[in-house]
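Enquirer: Please read through the structure below; I'll follow up with questions.
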Amino acid sequence: MNITAQTLSIVTGSKACNANCPYCVSKMTPCSVNNFKEINWRNFEIACDLAKMSKVNTVLLTGKGEPCLYPSHIMSCLLKLMPYNFPFVEVQTNGIELMKDSFDTWLKQFYTHRLTHIAISIVHYEDSRNKKIFGVNYNVNLPYLIKKLHSIGFTVRLTCISIKDYIDNAKDFGELVIYAKDMNVKQLTIRPVTTSEFSVNKEVLNWINSNPPRDFEGIQKTVDVNGQLLLPLAHGANIYQYRRQNVCVSSALTRNPDSNEIRQLIYFPDGMLAYDWQYEGAVLL
């Protein structure tokens, strides 16, 4: 099998999460992660070998829950990744754990061991609006957290899910772009809330179907017309310069069955290597 991929996603931790997002993609897709115990390092190395052969340039430490609940797991992965010299290593997080002063030591260790980007999940630039979606545990002061991460040296990405009555039209997206620029956020991604083709959680599916963005097409058109296309990605997302801000307009779950170029390789702690979140049959190892 000759394939190329852009990203190696490494699932860290377990299904545990300190947020309660009503649109949670992880709750909709099949899960082989139960209680985190031990990582299959043999298969991890095989996954990294394949990623290098597949011309992967980015490793994303993600989870079926919240990755930063397991900082030692993240640290172990970073140590194992270092010999492979992937240019970019990122972690996706809701930011809750990162607000704790006790987590600062971990952040500095992550930076020393070549974590380059921290992608913070949001639905809005206002903390109070985020709290309504992420749940009672959401304690993130976004300006404070961004400044803290910048002071350590990380590149920060804001990853916004577009849902009804939040950032779901061109005007509100323009305000988010201004916010990102003012906060010196280097990268901003927006994608519409998306259902899995075969959702295993009907409650989440029903919530998403009731709360689609009102005019995501307006966001896309505005960026297409007024931005400068910088880089088209394999899975249909595009990176633009828009109002002097790096902006990626994307979708949550995409796949092109007619191409040998896939969005990502996905490695699970138990040793499974897959290439699609939705299909249990999309297994390589």
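The values are calculated or read from the model by the stated rules, or taken from the named source; none is laboratory data. All values derive from a computational prediction rather than experimental measurement. Methodologically, a virtual Cβ is constructed for each residue, glycine included, from the backbone with ideal geometry; neighbour enumeration extends over all protein chains shown.
Enquirer: Starting from the range 60-81, keep only residues that are farther than 13 Å from N94 by Cα and free of Cβ contacts under 8 Å to residues at least 60 places away in the same chain, then list their pairs with residues that are assigned to a helix (DSSP H, G or I) and of a type in the set (G, A, S) whose Cβ atoms are within a distance under 7 Å, requiring at least 6 positions of separation or different chains.
Expert: Correct list of pairs: empty, since none qualify.
Enquirer: Quick check on the range 271-285: of everything there that is at pLDDT 90 or above and in a loop (DSSP other than H, G, I, E, B), which residue is surrounded by the most Cβ atoms within 10 Å (Cβ to Cβ)?
Expert: Across the range 271-285, the extreme among qualifying residues is M272.
Enquirer: Which of (1) more than 12 Å from T58 (Cβ to Cβ); (2) crowded, with 20+ Cβ neighbours inside 10 Å does E90 not meet, given it meets every other one?
Expert: Among (1) more than 12 Å from T58 (Cβ to Cβ); (2) crowded, with 20+ Cβ neighbours inside 10 Å, E90 violates only (1).
Enquirer: Whether any residue in the range 212-219 is in a helix (DSSP H, G or I) and more than 19 Å from Y179 (Cβ to Cβ) is what I want to check.
Expert: Quick first cut of the range 212-219, residues in a helix (DSSP H, G or I) only: 216-219.
Retained after the next criterion (residues that are more than 19 Å from Y179 (Cβ to Cβ)): 217.
Within the range 212-219 (the criterion being in a helix (DSSP H, G or I) and more than 19 Å from Y179 (Cβ to Cβ)), the answer is yes, since at least one residue qualifies.
Enquirer: Among the residues of the range 185-209, which ones are hydroxyl-bearing (S, T, Y) and touching a Lys or Arg at 6+ places or on another chain (Cβ under 8 Å)? Walk me through how you get there before you give the answer.
Expert: Our first condition is that a residue be hydroxyl-bearing (S, T, Y); within the range 185-209, this holds for 189, 194-196, 199.
Result: T189, single match.
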